[in-house]
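So the structure is just underneath, and the comments pick up after that.
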Amino acid sequence: MTGLFLTGAYTIGGLLFVNRNKRINSLLLIAYEILLWGFTIFACFNYKHTELDYFAFDSLGILLLITLSIISIPALIHSHLYISRQGEKPQSRSIYFAAMVVLLTSISAAYLANHIAVVWIFAELTTLSASALIYHHRNKLALEGTWKYVFICAISISLVFVGILFLSLSLNQAGNKDLSFANLMAHSQELNPFWLRLAFLFIFTGFTAKIGLVPMYTAGIDAKDKAPGPAAAILSSVLMNMGFVAIFRTYAILAHTSLYHWANTIIFVAAILSIFVATVYMMKVMNIKRMFAYSSIEHMGIVMLGVAAGGIGFYAAILHVILHSFVKSSLFFQYNQVYRVFQDKNIYHLGNYFKYNPTGAVVLLFGFISATAMPPSGLFVSEFLIFRSLFEGQHLVMLLVALLLLTIIIWAFGKNILKILFTPAVGFDDSHVPHIRPLESLSQLVLLFGAVWLGLNPPAAFVHLIQDAVSILPM
Amino acid sequence: MTNILLILFIISLLYLSIANRLVTYIRVLALQGFILFGVTFLALEEINTLNLVLILLETVVFKAVAVPVFLSRLIKRNHITREAEPYLPNFVSLIITTVIVVVTVLLANSIKDTHVDKIFFIVALSSLFAGLYIIASRKKIITHVMGYLIIENGVFVLSLAVGNEMPMLVNLGVMLDIFASVLILGIFLNKIGDVFKDVNVDQLSNLKDY
Amino acid sequence: MLSFVLIALASLFFTGVIIRTKSITAGRKGPGIMQPVKDVIRLMKKGAVYSQTTSIVFRLAPVVYFCTVAMAALLIPFGSSRGVISFNGDFIFFAYLLGLGKFFNIIAAMDTGSSFEGMGASREALYSLFAEPAFFIILGSLALLTGNTSFYDIFSALHLGSYITYALAVLAALVLAMIAMIENSRLPIDDPKTHLELTMVHEVMILDNSGFDLGLILYAGYLKFAIFGAIIANLFTGGMSLLWALVVFVGTQFSFAVVIGLIESFMARFRMNHNAQFIFALSSVSFLIFLGVLLVLGKFI
């Protein structure tokens, strides 16, 4: 089924690329959604099986695959609405949708891959397709963002490859050649620690470009700034999850060796620095999309704090990752409506959003509450659990620093969002504001409420899957 | 013989740190391609012939011929000026590159594993960090691309160190090479040359947190 | 003793061959091979003029310079015969002897009170500073390779067998040749023919010397060339018999002189601020020679 899914999806991508007809475009997208959902349901029923030697339907993969499938529906719908409103050339439309389909497929394949080299290949594919999405508007700024993204991701992918080479060197001593995660974890005690250390350093540094942590987060900021709204939603939710999966699985290999504490230190450093960087930039940023992008970095920093802290933190990290995808993507979907009203991204020129689009304003307000992890948002639950794991792990200084930085972020985020929602806009001529149908905000409300529900009253199957996903780590 | 070629590779890295003109960079990259061809030929004896021929072709055709030709055509087409504009004087670059090589040698000294040939490790890490340094210390965008190609060469040398046991990894490395080079060089540098009139990194600072 | 005699003989012809090569490549016939020696003899017959602002240092310096160079020549072995002076660690003594001579040159140049000569002296000091690590690292690597620390012991134990030792020896010879060019202030570091203020390095230091002093300084320069040529020849004459060693010696000196002549004919001098990085590059390359020696010794698998 995996092979069928991959070939089918890439064929649809290819067809989208050559097709110029609007109706066939929509039909192909519907076909893709059916294929994606069919594959997801198949994966749920074939829990714990391995296909094609390289794809395993394990808990983490299935969780993130379901998340991707859920988010892909509004992504494609909003992309369709966005493109049809822009009056674009058929060629750029076909590139956009082909790239989006390829991106979604590569990410789902990377979720399920159980061999590190396969993850690496699909990560390369995501770079290629994401850059096509970022370059959609084809102006100077978009070119700049695309170039930065491609270049930094290319360097990061090379670093990951060096890490894979070191990993194979560490495996040499075990007399083995199979680089699949299962094999590596089984032989984790026999791996050469020197090479394993280097391998983790390089793989972690390389994948920080995808997950959005210090040091390679810079690629993502400009990318999310320049990509069209729905594409930016995908980039900042599901793509970051792919980076998380890769790092998580590599970390799981190290968790059973003597390098466990060293790996935790490295992750702590990166996570705290990421939250710090996000705080600094959130205070001065004036562009609403960049603000959302920095918020993503902050959330990923919190997630990695949970991973490094251990204990309940593992569970909380995965919960946070899933909920964050829902919240952040809904914010980015709402951004398109903001732009339609104000025609500007600069927060200085935005304001009084409640007057022009009440439903959208409610979404924005609720999204802000969710993103800053205030109750009743589900993110409150996961962040609270992460703080609890930091406290239980005696990392008190880290906890205090994180809390302080998060407070500043809440202030900065709140200052901007409340200005957009309530303060009258500066120099805004509101005679030509288009009427925005409340129906378009429905998807975002669904996502946000879904995040609340999953956080406060998660279904048993959901909890069971997460607990199974973290069972590979030492408790 | 492999050792001589690899020492020659490091000398080319040192030369790159004091080179002034873009043409010299391209020539050094071509030379590195030929050196890698020799090293591949001598190092990978245990993998099957077809694989070996493919990898050899990739080093010679791609690294030594195609990429330098493409780069020189890019320079001519975009009227990029001859000089590689560094932020730091060349003397400092030379010192930094030498320090990188020394640090790598010291790091390699602490490896207790006898399976791996340490000279490969030294050359690979030196090229990696020297490439990163070249990217960070030069103004022009095309020197960034050349720095990335040097990183690729280093990664290739490292994959040769494990190549005998796992030829798949060498193939993956080759694939990375071709993919990244085609993507970066082929598509975007052309576009950048068309859109930005002066291919400096200063032009790429418009995306700010305004 | 044999090596000292050979070096003295070689020094008589060395510069003549260089000038002759340059003339022939320029299409002229050029002066005779013994012309530089005749120049020195002419200078030695003349009286010297000393400036009023100089002191005893200025009069002492050329003598010290010449004596140090001549003493350094006593250290070089030849084939299977030792130098006149030979002890453990004598290559360090060698380097610092030459350094002493250069030091006296520098302070004599500054003694004249001319800022012009001071500028040349500071440049000379800078280049020697950067070339010194290169020399020590090369000879240190050779000492590490053979396990001995005196010139004679190093060179006689140096057996060039495998590919890599040959490559290292060739590389070391190249670096030593460049060091020789730096020490003697030839192209591409310093042009001996230029008399433009901004571009002189060594010439400007000896601008105020005349007569016997100038003759001493010039001849010491020729001797230094021959010394470095002898060191390079020694890299290859490990344990050879006397006749073969003689052939290699004469061949090396001659080809070294011709190569210097060719380089001087076809290359321009580097820009002044590129000189420093070029000389430092030699030190970096000699570090690589050290790395190669470690590889050969197997201290590094």
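The values are calculated or read from the model by the stated rules, or taken from the named source; none is laboratory data. Computed from a predicted structure; not experimentally measured. Reconstructed Cβ throughout: ideal geometry from the backbone, glycine too, with neighbour counts over all protein chains shown.
Each row is one residue, and each column tells you yes or no for (1) surrounded by fewer than 21 Cβ atoms within 10 Å (Cβ to Cβ); (2) more than 17 Å from the chain's Cα centre (by Cα).
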site: A:Met300; (1), (2): no, no
site: A:Leu305; (1), (2): no, no
site: A:Ala308; (1), (2): no, yes
site: A:His324; (1), (2): no, no
site: A:Ser330; (1), (2): no, no
site: A:Tyr339; (1), (2): yes, yes
site: A:Asn357; (1), (2): no, yes
site: A:Phe384; (1), (2): yes, yes
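With respect to being among the aliphatic types (A, V, I, L, M), touching a strand residue (DSSP E or B) at 6+ places or on another chain (Cβ under 7 Å), buried (at least 17 other Cβ atoms within 10 Å of the Cβ) and more than 14 Å from every other protein chain (Cβ to nearest Cβ), C:Ala245 fits the description. Of all residues in the range A:125-142, those satisfying the criterion of being more than 17 Å from the chain's Cα centre (by Cα), surrounded by fewer than 24 Cβ atoms within 10 Å (Cβ to Cβ) and either within 10 Å of chain B (Cβ to nearest Cβ) or outside any helix (DSSP H, G or I) (or both) are A:Ala132, A:Arg138, A:Asn139, A:Lys140, A:Leu141, A:Ala142. Being in a helix (DSSP H, G or I) and more than 13 Å from chain C (Cβ to nearest Cβ): is that true of B:Ser72 here? Yes: the conditions hold for B:Ser72. Scanning the range C:20-35 for residues that are closer than 24 Å to C:Met205 by Cα and modelled with pLDDT under 90 yields nothing.
Within the range A:249-272, does at least one residue satisfy the condition of being under 30 Å from A:Ser443 (Cβ atoms) and touching a residue at least 12 places away in the same chain (Cβ under 8 Å)? No, there is no match, as no residue in the range A:249-272 is under 30 Å from A:Ser443 (Cβ atoms) and touching a residue at least 12 places away in the same chain (Cβ under 8 Å).
Restricting the range C:215-252 to residues that are part of a helix (DSSP H, G or I) and more than 22 Å from C:Met178 (Cα to Cα), the residue that is nearest to the chain's Cα centre (by Cα) is C:Leu216. Out of all the residues in the range A:53-60, is one or more in a helix (DSSP H, G or I) and crowded, with 20+ Cβ neighbours inside 10 Å? Yes, the range A:53-60 contains at least one residue that is in a helix (DSSP H, G or I) and crowded, with 20+ Cβ neighbours inside 10 Å. Of all residues in the range C:121-138, those being under 30 Å from C:Ala108 (Cα atoms) and buried (at least 17 other Cβ atoms within 10 Å of the Cβ) number 12. Would you pick out the residues in the range B:75-111 that are among the small types (Gly, Ala, Ser) and either surrounded by 20 or more Cβ atoms within 10 Å (Cβ to Cβ) or assigned to a helix (DSSP H, G or I) (or both)? Result: B:Ala84, B:Ser93, B:Ala108.
Name the residue that is farthest from the other protein chains (Cβ to nearest Cβ), counting only residues in the range C:265-283 that are under 22 Å from C:Ile137 (Cβ atoms) and small (Gly, Ala, Ser). If we take residues in the range C:265-283 being under 22 Å from C:Ile137 (Cβ atoms) and small (Gly, Ala, Ser), then C:Ser283 is farthest from the other protein chains (Cβ to nearest Cβ). Going through the range B:114-142 one residue at a time, which ones are within 20 Å of A:Asn172 (Cα to Cα), within 14 Å of chain C (Cβ to nearest Cβ) and in a helix (DSSP H, G or I)? Hits for the range B:114-142 are B:Lys118, B:Ile119, B:Phe120, B:Phe121, B:Ile122, B:Leu125. Could you go through the range C:199-210 and let me know if any residue there is assigned to a helix (DSSP H, G or I) and surrounded by 19 or more Cβ atoms within 10 Å (Cβ to Cβ). No, the conditions are met nowhere in the range C:199-210.
Scanning the range C:10-54 for residues that are among the hydroxyl-bearing types (Ser, Thr, Tyr) and either in contact with a helix residue (DSSP H, G or I) (Cβ under 6 Å, 6 or more places away or on another chain) or closer than 13 Å to C:Tyr219 by Cβ (or both) yields C:Ser11, C:Thr15, C:Thr21, C:Thr25, C:Thr54. Could you go through the range A:84-105 and let me know if any residue there is over 17 Å from A:Gly229 (Cβ atoms) and under 15 Å from the mean Cα position of the chain (by Cα). So far as the range A:84-105 goes, yes, one or more of its residues are over 17 Å from A:Gly229 (Cβ atoms) and under 15 Å from the mean Cα position of the chain (by Cα). Exactly one residue out of C:Val57, C:Val63 is in contact with a Phe, Trp or Tyr (Cβ under 8 Å, 6 or more places away or on another chain), within 22 Å of C:Ser185 (Cβ to Cβ) and not basic (Lys, Arg), and it is C:Val57.
Contact annotation: residue pairs with Cβ atoms under 7 Å, 6 or more positions apart or on different chains, pairing a residue in the range A:149-168 that is over 16 Å from A:Ser180 (Cα atoms) with a partner that is not in a helix (DSSP H, G or I), are A:Ile152/A:Met216; A:Ser156/A:Met216.
The lone criterion from (1) farther than 30 Å from C:Ser23 by Cβ; (2) within 14 Å of chain B (Cβ to nearest Cβ); (3) assigned to a helix (DSSP H, G or I) left unmet by C:Lys299 is number (3).
Here's the yes/no breakdown for (1) within 19 Å of the chain's Cα centre (by Cα); (2) within 14 Å of chain C (Cβ to nearest Cβ); (3) free of Cβ contacts under 8 Å to residues at least 60 places away in the same chain:
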position: B:Asn78; (1), (2), (3): no, no, no
position: B:Pro86; (1), (2), (3): yes, yes, yes
position: B:Pro89; (1), (2), (3): no, yes, yes
position: B:Val101; (1), (2), (3): yes, yes, no
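Here is a yes/no grid of residues against (1) in contact with a strand residue (DSSP E or B) (Cβ under 8 Å, 6 or more places away or on another chain); (2) part of a helix (DSSP H, G or I); (3) more than 28 Å from A:His320 (Cβ to Cβ):
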| position | (1), (2), (3) |
| --- | --- |
| A:Phe122 | yes, yes, no |
| A:Glu144 | no, yes, yes |
| A:Tyr149 | no, yes, no |
| A:Cys153 | no, yes, no |
| A:Ile164 | no, yes, no |
| A:Trp195 | no, yes, yes |
| A:Phe200 | no, yes, no |
| A:Ala209 | no, yes, no |
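A:Met291 - would you say it is of a type outside the set (Phe, Trp, Tyr), within 14 Å of another protein chain (Cβ to nearest Cβ) and either buried (at least 20 other Cβ atoms within 10 Å of the Cβ) or at positive phi (or both)? When the stated conditions are applied, A:Met291 passes them.
Screening the range B:143-161 for residues that are more than 9 Å from chain A (Cβ to nearest Cβ) and aliphatic (A, V, I, L, M) and picking the one that is nearest to the chain's Cα centre (by Cα) gives B:Ile150. Taking B:Leu107, is it within 14 Å of chain C (Cβ to nearest Cβ) and without any contact (Cβ under 8 Å) to a residue 24 or more places away in the chain? Yes, satisfied.
Looking at the range C:289-297, is at least one residue under 21 Å from the mean Cα position of the chain (by Cα) and of a type in the set (Gly, Ala, Ser)? There is no residue in the range C:289-297 that is under 21 Å from the mean Cα position of the chain (by Cα) and of a type in the set (Gly, Ala, Ser).
In the condition set (1) surrounded by fewer than 20 Cβ atoms within 10 Å (Cβ to Cβ); (2) free of Cβ contacts under 8 Å to residues at least 40 places away in the same chain; (3) within 19 Å of the chain's Cα centre (by Cα), C:Gly16 is compliant with all but (1). Of all residues in the range A:299-323, those satisfying the criterion of being in contact with a Ser or Thr (Cβ under 7 Å, 6 or more places away or on another chain) and either of a type in the set (S, T, N, Q) or assigned to a helix (DSSP H, G or I) (or both) are A:Met300, A:Gly301, A:Gly306, A:Ala309, A:Ile312, A:Gly313, A:Ala316, A:Leu319, A:His320, A:Ile322, A:Leu323. Restricting the range C:144-162 to residues that are part of a helix (DSSP H, G or I) and touching a helix residue (DSSP H, G or I) at 6+ places or on another chain (Cβ under 6 Å) leaves a set whose member that is surrounded by the fewest Cβ atoms within 10 Å (Cβ to Cβ) is C:Ala157.
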